[in-house]
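The values are calculated or read from the model by the stated rules, or taken from the named source; none is laboratory data. Quick caveat, the model's predicted, so the values are computed rather than measured. Glycine also receives a Cβ, built like all others from the backbone with ideal geometry; neighbour counts cover every protein chain displayed.
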Amino acid sequence: MPEYGDDAVQAARQAFPRGLVQPEGGFRFGSDALLLAAFVASLAAGPRAADLGTGCGAAGLGYLLAAANPAATCLGLDRDPNMIRAAGQNAASLGLSERFTALAVDLRGIREDVRCLPESRDLVLCNPPYRDPASGRRPPGPAREAARFETDGGMVDFAAAGSYLLANKGIFACIHLAERLPLVFAALADRRLVVKRVLPVSPRAGAPARQVLVAARKNGGPGMILDAPLALYAGTGAQTRLTEAALAFCPFLACNAGPPGQG
């Protein structure tokens, strides 16, 4: 793994998420990972994090860059060795190799992996596959399909792995489709992860939420905060731009501040 000088690291951090290495033909991260990173950084959690299904590390590395605690660390887990190699490269380029560890792990077998200790994490974040295998149009390539469809594990598996890794009262955070919120709630409840906060994310003010950011606490008490929806865009056509609220919540989105699909 090459070492990067201070100037190169600073440039990489300022450019983030642009410049992240992503394997050819693999799943390409999107704004969901960046929103998750910002959401997690806003939560009051301990310093030991794990990013499940880390991919190239966008969410986990974004969390470390945004976290107020400079001692925060993150364990990035993914079943795809190519993604793990990319995540390691990205951690090095951002000067985060000592704080971010990438491991090739299948979450469904996490209990048998001696590198993943039970109750060893204060915070778990994840951007699990959104779609039921029986619905939707399949993307080309098995890696992209597995990242978008629950063919090799879904919300139930991510909740189980997260609960296993989390210490008592630790926080589990995820982003998922608003239409599948009942599935998310059920999967979390089955693993003693009590929902404490829900942030709906809508494309525009007044539009139905398309995604939800959810935070749950392991063995948490009753009571939940339902945030006002975060609207991502304002304007129409060529005048479409990210809202001030979206950029304030997640400055990483500025890398693509124009209309959706551009930049």
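For the range 67-80, the count of residues that are of a type outside the set (Val, Ile, Thr), more than 30 Å from residue 225 (Cα to Cα) and more than 15 Å from the chain's Cα centre (by Cα) is nonzero. Within the option set 58, 91, 87, 15, being over 26 Å from residue 155 (Cβ atoms) and buried (at least 23 other Cβ atoms within 10 Å of the Cβ) holds for one residue only, 91. Out of (1) under 13 Å from residue 175 (Cβ atoms); (2) touching a helix residue (DSSP H, G or I) at 6+ places or on another chain (Cβ under 7 Å); (3) among the hydrophobic types (A, V, I, L, M, F, W, C); (4) outside any loop (DSSP other than H, G, I, E, B), what's the single condition that is false for residue 209? Among (1) under 13 Å from residue 175 (Cβ atoms); (2) touching a helix residue (DSSP H, G or I) at 6+ places or on another chain (Cβ under 7 Å); (3) among the hydrophobic types (A, V, I, L, M, F, W, C); (4) outside any loop (DSSP other than H, G, I, E, B), residue 209 violates only (4). Scanning the range 212-242 for residues that are in a loop (DSSP other than H, G, I, E, B) and of a type in the set (Val, Ile, Thr), we see that the one that is modelled with the highest pLDDT is 240. What pairs can you find where one residue is in the range 71-85 and outside any helix (DSSP H, G or I), the other is among the hydroxyl-bearing types (Ser, Thr, Tyr) and surrounded by fewer than 24 Cβ atoms within 10 Å (Cβ to Cβ), and their Cβ atoms are less than 7 Å apart, with a gap of 6+ or different chains? Final answer for the pair search is 75/101; 76/101.
Rundown of residues vs (1) in a strand (DSSP E or B); (2) over 18 Å from residue 32 (Cβ atoms); (3) within 19 Å of the chain's Cα centre (by Cα), yes/no style:
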position: 168; (1), (2), (3): yes, yes, no
position: 180; (1), (2), (3): no, no, yes
position: 186; (1), (2), (3): no, yes, no
position: 189; (1), (2), (3): no, yes, no
position: 197; (1), (2), (3): yes, no, yes
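Would it be correct to say that residue 174 is surrounded by fewer than 19 Cβ atoms within 10 Å (Cβ to Cβ), touching a residue at least 12 places away in the same chain (Cβ under 8 Å) and either assigned to a loop (DSSP other than H, G, I, E, B) or not β-branched (Val, Ile, Thr) (or both)? In short, no. In the range 51-69, the residue that is modelled with the highest pLDDT out of those that are outside any helix (DSSP H, G or I) and among the aliphatic types (A, V, I, L, M) is 52.
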